[in-house]
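*Asks:* Sharing a structure, written as structure tokens. Questions coming.
The values are calculated or read from the model by the stated rules, or taken from the named source; none is laboratory data. A quick note: this is a predicted structure, and the numbers were derived from the prediction, not measured. Ideal geometry is used to build each Cβ from the backbone, glycine not excepted, and the neighbour counts take in all protein chains shown. Accessible surface areas use protein heavy atoms only, side chains included; no ligands, DNA or RNA. Shrake-Rupley method; radii C 1.70, N 1.55, O 1.52, S 1.80 Å.
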Amino acid sequence: MELYSLSFVLLVAVGLVLYYTVLRRCQWVCLLALSLVFFASSGAQGLVFLLFTAFTVWGGGLWLACLDADCAARRKAPGITKDEKKAIKTQTTHRKKGVVALLLVVNFLVLGYFKYWSYFARLLPGASAASAPSALGLVMPLGISFYTFQAVGYLIDCYRGRHPAEKNFAKFLLFIGFFPQLIQGPINRYGALEPQLTAVHTWEWERTKRALFLLLFGAMKKYAIANLTAPTIAAILDGNDTTLAGSMALTAILLYSLQQYADFSGGIDMVLGVAQLYGIEMMPNFRQPYFSTSLGDFWRRWHISLGAWMRDYLFYPFALTKPMQSFGKWATKHGGKHFGRVLPAAVANLLVFAVVGIWHGPQAHYLVWGLYNGAVIALADLLEPAFKKVNNTLHIPTESKGWHIFRILRTFVIVNIGWYFDRVGLTMGAACLRNTFTDFRPAAFTAQAPGAFAAVSGPAWGIVVIATVLVFVHSVLCETGRDPYTEVHRLPLPLRWALYYLAIFLVLISSICVTETSGFLYANF
């Protein structure tokens, strides 16, 4: 059941009627029923694995709560000494770590089997292709990466005592299975989402208008930009021609940067809009990433929920380990305070981005793409004093608008170099990047571009240009602290509705320009 399907529209519409009328006193039950119907539509098999993750992690949270309760009771026993209390706490901590480790291994093994085993079964000696999921008739469950990460985050937060364990299994199942987030996130946090899911919501016209505005804007990005640019990108890159002219490779990568942003952020806008219809505010996932002034800033604006998850559950736990703290002290002694502070973070960043790369897929080009991002961020942090010295020596006005724009353009170039290895395989990506700098061949662009751009028919590129301009204006408004919805509602009524009808027209007319509708890119991850 896709977001653009009639069945999904009917599911949401019927759900809204029930949610605000006959089921208004048990709205969370309505949401759970809708979520199970949505998930089951992708196959009952996937529902089994969702229930497995939900049950194991929910049970793990209760297990941790029991260990805490037992620890507190034992420490309050009469006549117990201070050393005995300390020993009980240490023993409980070790047991809790064992519970968390066990459940992390079990659930990540399930995720890894579906995402990676088919790939490695072909490479590892002795491994049989007959053990791959497809050979066993298994299909990767919908949203397994997202709900697994969300469930694991909940479990770790329980271990850290950030919130009590959820006692109601059905409510926990709703938390990880809430249907708008299953396709491509965001990866929500229990403390922020669960109270909203179980609260009673009343229908509000203003909130509904905002939700529909977000839905329409997201649909325009997905259908009028992402879907229309995808065929041309495929026509240029999917041939795996390592002699491809640099001019054509650069064109494809620039279009891919537009397609990926429009596809992913457009889908996120749509699911955020659906959630808002039910009175639920999910975690935002994008904040004008192409206005970033550094690669680190970019990753604080792109796929925000994944970045926050990696920061809280991988970066800090790794950076604060005793070996890394010892490494920091060594770096301080031999390189000064700056290196002592930055080097451990640089190593942790490399680990995080290696995991981010692998999260996207088992192929080597994803790992290279991840390590490229981690290495650039690490080098930028390490060389920050040198950059400041150069800026001061050259009297560069670092607070000026011109320098700000330069940093945005520089970051855009750095990000797009990474996209070469995100979109195609390692060999092809390296060849395209090399040809961009050493074999540009503008004449080849003149000869080949018309055929590639003809991969979509009708007024496709005019639609793409208009929609991209609207997205750019929207981004500028957000970047300058203005609410696009409010700004649109300040326009005269005829102009306001002209914009609405233009967006609707762009979405509808885009369907005649492509022969088939593609799914969301991040649904594959």
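*Asks:* For residues that are farther than 27 Å from TRP461 by Cα and out of contact with any Lys or Arg (no Cβ under 9 Å at 6 or more places or on another chain), tally how many sit in the stretch 250-296.
*Replies:* Looking only at that region, the number is 11.
*Asks:* In the stretch 393-404, is there at least one residue being more than 27 Å from LYS221 (Cβ to Cβ), part of a helix (DSSP H, G or I) and open to solvent by 80 Å² or more (accessible area, probe 1.4 Å)?
*Replies:* yes
*Asks:* Still on this structure, please answer the following. Can you tell me which residue is nearest to the chain's Cα centre (by Cα) among those in the stretch 458-493 that are open to solvent by less than 60 Å² (accessible area, probe 1.4 Å) and of a type in the set (S, T, N, Q)?
*Replies:* SER475
*Asks:* A further question on this structure: Any idea which residue in the stretch 347-357 is farthest from HIS303 (Cα to Cα), counting only those that are open to solvent by 10 Å² or more (accessible area, probe 1.4 Å) and free of Cβ contacts under 8 Å to residues at least 40 places away in the same chain?
*Replies:* VAL347
*Asks:* What is the number of the single condition among (1) more than 23 Å from the chain's Cα centre (by Cα); (2) open to solvent by 30 Å² or more (accessible area, probe 1.4 Å); (3) under 30 Å from ASN227 (Cα atoms); (4) touching a residue at least 40 places away in the same chain (Cβ under 8 Å) that TRP28 does not meet?
*Replies:* Only one criterion is unmet by TRP28, namely (3).
*Asks:* Ok, one more. Given (1) outside any helix (DSSP H, G or I); (2) of a type outside the set (Phe, Trp, Tyr); (3) open to solvent by 40 Å² or more (accessible area, probe 1.4 Å), identify the lone condition not met by ARG311.
*Replies:* The one condition ARG311 does not meet is (1).
Residue by residue, here is whether (1) surrounded by 14 or more Cβ atoms within 10 Å (Cβ to Cβ); (2) more than 22 Å from VAL355 (Cβ to Cβ) holds:
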| residue | (1), (2) |
| --- | --- |
| PHE114 | yes, no |
| GLY137 | no, yes |
| GLY143 | yes, no |
| GLN181 | yes, no |
| ARG189 | yes, no |
| HIS201 | yes, yes |
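*Asks:* If you go through the stretch 272-285 one residue at a time, do you hit one that is in contact with a Pro (Cβ under 7 Å, 6 or more places away or on another chain), open to solvent by 10 Å² or more (accessible area, probe 1.4 Å) and aliphatic (A, V, I, L, M)?
*Replies:* Yes, there is a match, as at least one residue in the stretch 272-285 is in contact with a Pro (Cβ under 7 Å, 6 or more places away or on another chain), open to solvent by 10 Å² or more (accessible area, probe 1.4 Å) and aliphatic (A, V, I, L, M).
*Asks:* Okay, next question. Given the criterion open to solvent by less than 20 Å² (accessible area, probe 1.4 Å), out of contact with any helix residue (DSSP H, G or I) (no Cβ under 6 Å at 6 or more places or on another chain), over 19 Å from LEU216 (Cβ atoms) and in contact (Cβ under 8 Å) with a residue 12 or more places away in the chain, identify the matching residue among SER247, SER305, SER257.
*Replies:* That would be SER305, the only listed residue that is open to solvent by less than 20 Å² (accessible area, probe 1.4 Å), out of contact with any helix residue (DSSP H, G or I) (no Cβ under 6 Å at 6 or more places or on another chain), over 19 Å from LEU216 (Cβ atoms) and in contact (Cβ under 8 Å) with a residue 12 or more places away in the chain.
*Asks:* Moving to a separate point now. Going by the structure shown, is LEU34 closer than 30 Å to ALA226 by Cα, open to solvent by less than 40 Å² (accessible area, probe 1.4 Å) and assigned to a helix (DSSP H, G or I)? Talk me through it step by step, then tell me what you get.
*Replies:* Details: closer than 30 Å to ALA226 by Cα: yes; open to solvent by less than 40 Å² (accessible area, probe 1.4 Å): yes; assigned to a helix (DSSP H, G or I): yes.
So LEU34 passes the test.
*Asks:* In the list LEU11, LEU3, LEU23, which residue meets the criterion of being of a type in the set (A, V, I, L, M, F, W, C), over 27 Å from the mean Cα position of the chain (by Cα) and surrounded by 15 or more Cβ atoms within 10 Å (Cβ to Cβ)?
*Replies:* Going through LEU11, LEU3, LEU23 in turn, just one is of a type in the set (A, V, I, L, M, F, W, C), over 27 Å from the mean Cα position of the chain (by Cα) and surrounded by 15 or more Cβ atoms within 10 Å (Cβ to Cβ): LEU23.
*Asks:* Can you tell me which condition PHE146 does not meet? The list is (1) assigned to a loop (DSSP other than H, G, I, E, B); (2) farther than 16 Å from LEU103 by Cα, and all the others hold.
*Replies:* (1)
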